[in-house]
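Everything below concerns the one structure shown next.
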């Protein structure tokens, strides 16, 4: 699913963890769902960040399943 509905554009040296500086002091817990969470994948840095609870998913149905099992 990755890259099919959006693209990520960052200045050189940035990655998805940049958003955490805006979120980490506003929320007790931050969850991230990503499909490319292996080293070298575009979700890796955010998925592995200690401030985030990361979930590896294969598709939108995986995301729904995890949400239902853990949050509903």
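Quick notes on this structure:
- Order by protection proxy (mean Cβ within 10 Å, highest first), peptides 26-32, 39-45: 39-45, 26-32
- Under the shape rule built on the C-alpha gyration tensor, where the axes satisfy a ≥ b ≥ c, the chain is oblate, since a/c reaches at least 1.5 while a/b does not exceed b/c.
Bear in mind these aren't lab numbers, they're just calculated from the coordinates by the rules spelled out. Not measured: the values here are computed from a predicted model. With ideal geometry, Cβ positions are generated from the backbone for all residues, glycine too; neighbour counts draw on all protein chains shown.
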